[in-house]
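The next block holds one structure in the form of structure tokens; read it before the comments.
The values are calculated or read from the model by the stated rules, or taken from the named source; none is laboratory data. Note that the structure is a prediction, hence the values are computed from the model and not measured. Note that we place each Cβ from the backbone using ideal geometry, even for glycine, and neighbour counts take in every protein chain shown. Side chains included, ligands, DNA and RNA excluded: accessible areas come from the protein's heavy atoms. Shrake-Rupley method; radii C 1.70, N 1.55, O 1.52, S 1.80 Å.
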Amino acid sequence: MSPVVEYQTQDHEETRSPQRLRPQVSPVMHPAIQRFLQNRKLVFELLDGFGSPLNVMFPHHILESIAKFEGVLAERQLEGRVFYTSKPNKSISLKRQAALTKAGLDVSSEGELKLALAAGFDPSRIEATGPKNMDYLALGVQQGIIIAVDNLTELQQVTAMSKYSPKGKTRILVRLNGFDSGPIKFTAQDGILGFPIKDAPAIIEYLLKNKDTLDFQGFSFNFYAGDYNRRPAAIEATLRLTFECNRRGLAPKALNIGGGYVLRYAADQNEWNTYIEELKASVLGERTSLTWNDSGLGFRREEGVLRGAPTFLEHYHKTSGHEDLAAIIDAPLQSFDGYSTARLLSENMIELWVEPGRAMVDQCGITLAHVNMSKKSMMGHELVALDMNRSNLNSNQLQLMTDPVVLYRQDKHRMPATDGVMYVGNLCLSHDMIQYHKTFPDFIPQTGDAVAFINTAAYQMDFSETHVLRQRIAEKVAVIETADGGFRWFKDDLYNPITLEMGIKP
């Protein structure tokens, strides 16, 4: 079955018989993206005209993400702010679209701060995170943005620069790390971002001493997706510190619980589970290999027993990112008599700030590539060589396990992809793999065909791209669906939702 269909998320309680030959992982696909890919003439015109690879952005989709996260706060009568994190993607069209909402923007460098201001974000809505040099700090202070400080040197530098703030005070968050596990024991993990929480008493004293210079907004922390064990302890600890600061006259206005909300890549739970079982079976030698050089993607066979753990992210979740946030802030907190985070913040008139990174750009972008050729590997695997490389999809760090959509330029003289294919790149390297596992399209893609990788906006399409061997870095185009069911496209940096709405652009 061709992947160019509208995929719906399905929860299956029953167990199907395993498909030992052709397991598939259909991607979750926004209906507008599906309709765009069905417009094969337009897709090939864009890819042929801009070259391969090509990143296609869907700026209207970020409005949906913002609305979902803001809806979680509104449903609980919580004041607060949702920050769009710019780090996962460099798209200017997404920033310009988000600037027309009430969302904030979390930037992680001086360059990102300049782009945020140019995209139309008021400084009051911008938060600076990440490691900061003096120029980054100075611009942030001058513009009056919120600065999330995570070490004493940064805090002292911001204090010294505060006289250049337009309001005389610099708004800051204090990022914390190293939380105690409380009743749930977990292995301690080191980190490079954030003050150790054991330093909190000294930080509070510093803030009290400099309260005429620093406008303390509150505490913040951040965890990765799925880190459910450590998050409750972090929330409880930062809430206790927030209440202590209130008692001592600092009046923090918000608690920032960061991001780490899930993103669903795989559409069907049964397909995903089946592929994992088939992957394990291939490692145990019970079927033909599904991975390049029998890597197992983290699984291995030792004395006939399967061991190891996957090196890829979980691709199927029953919840979406905003539902993940809702579950977190609705969960009872043991050290607060079972009250939830949402209730405690609401009753104490403290704002909730969140920074959904990956989840905010869900369904906001896809990556297209030309097929250069198909060929056989030394071991007889069918390889499809794409005019892109692993840096264009961040394949070393993030394994995208869903099936790409194949767009066949012609429907004649096709060879069935009976044994599956593996996608390789255009670098003169033996390990330039786009995907390290087999997928099973209907037919073997040939020269001139196109392949679309779905949902690549978050940390994949441009996070690690490079001109290695002078290969191309992908262009970006912004695509919007029109009322008549058609599509309009713009170069990403020329997309302007204001002039578009006014009808100024033809």
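Some observations on this one:
- Among the residues listed as K41, K68, K95, the single one being of a type in the set (K, R), open to solvent by less than 10 Å² (accessible area, probe 1.4 Å) and either part of a helix (DSSP H, G or I) or within 15 Å of Y261 (Cβ to Cβ) (or both): K95
- Residues (open to solvent by 20 Å² or more (accessible area, probe 1.4 Å) and at pLDDT 50 or above) located in the stretch 1-33: R20, L21, R22, Q24, V28, H30, P31
- Selection within the stretch 389-402 - more than 24 Å from G51 (Cα to Cα) and modelled with pLDDT of 95 or more: M401
- Annotation note: Cβ proximity below 6 Å between a residue of the stretch 408-428 that is under 13 Å from I444 (Cβ atoms) and a residue that is open to solvent by less than 90 Å² (accessible area, probe 1.4 Å) and of a type in the set (A, V, I, L, M) (sequence gap 6+ or interchain) occurs for M415/I444; A417/I444; V421/V384; M422/L383; Y423/V384; Y423/L386; Y423/I434.
- When the stretch 98-112 is filtered for residues that are assigned to a helix (DSSP H, G or I), buried (at least 20 other Cβ atoms within 10 Å of the Cβ) and in contact with a helix residue (DSSP H, G or I) (Cβ under 6 Å, 6 or more places away or on another chain), only A98 remains.
- Filtered by the rule that a residue be over 19 Å from D215 (Cα atoms) and either in a helix (DSSP H, G or I) or modelled with pLDDT under 95 (or both), the stretch 117-130 gives L117, A118, A119, G130.
- Of the candidates T402, T466, the single residue that is in contact (Cβ under 8 Å) with a residue 24 or more places away in the chain, on the phi < 0 side of the Ramachandran plot, in contact with a strand residue (DSSP E or B) (Cβ under 9 Å, 6 or more places away or on another chain) and of a type in the set (S, T, Y) is T402.
Condition check ((1) at pLDDT 95 or above; (2) over 24 Å from A266 (Cβ atoms); (3) touching a Phe, Trp or Tyr at 6+ places or on another chain (Cβ under 7 Å); (4) surrounded by 22 or more Cβ atoms within 10 Å (Cβ to Cβ)) across all residues:
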| site | (1), (2), (3), (4) |
| --- | --- |
| P404 | yes, no, yes, yes |
| M415 | no, yes, yes, no |
| L427 | no, yes, no, no |
| H431 | no, yes, no, no |
| T439 | yes, no, no, yes |
| T456 | yes, no, no, yes |
| F487 | yes, yes, yes, no |
| F490 | yes, yes, no, no |
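- All conditions in (1) hydrophobic (A, V, I, L, M, F, W, C); (2) open to solvent by less than 30 Å² (accessible area, probe 1.4 Å); (3) within 29 Å of E244 (Cβ to Cβ) hold for A202, with the sole exception of (2).
- Taken over the stretch 47-65, the criterion of being farther than 12 Å from V361 by Cα and crowded, with 21+ Cβ neighbours inside 10 Å is satisfied by L47, S52, P53, L54, N55, V56.
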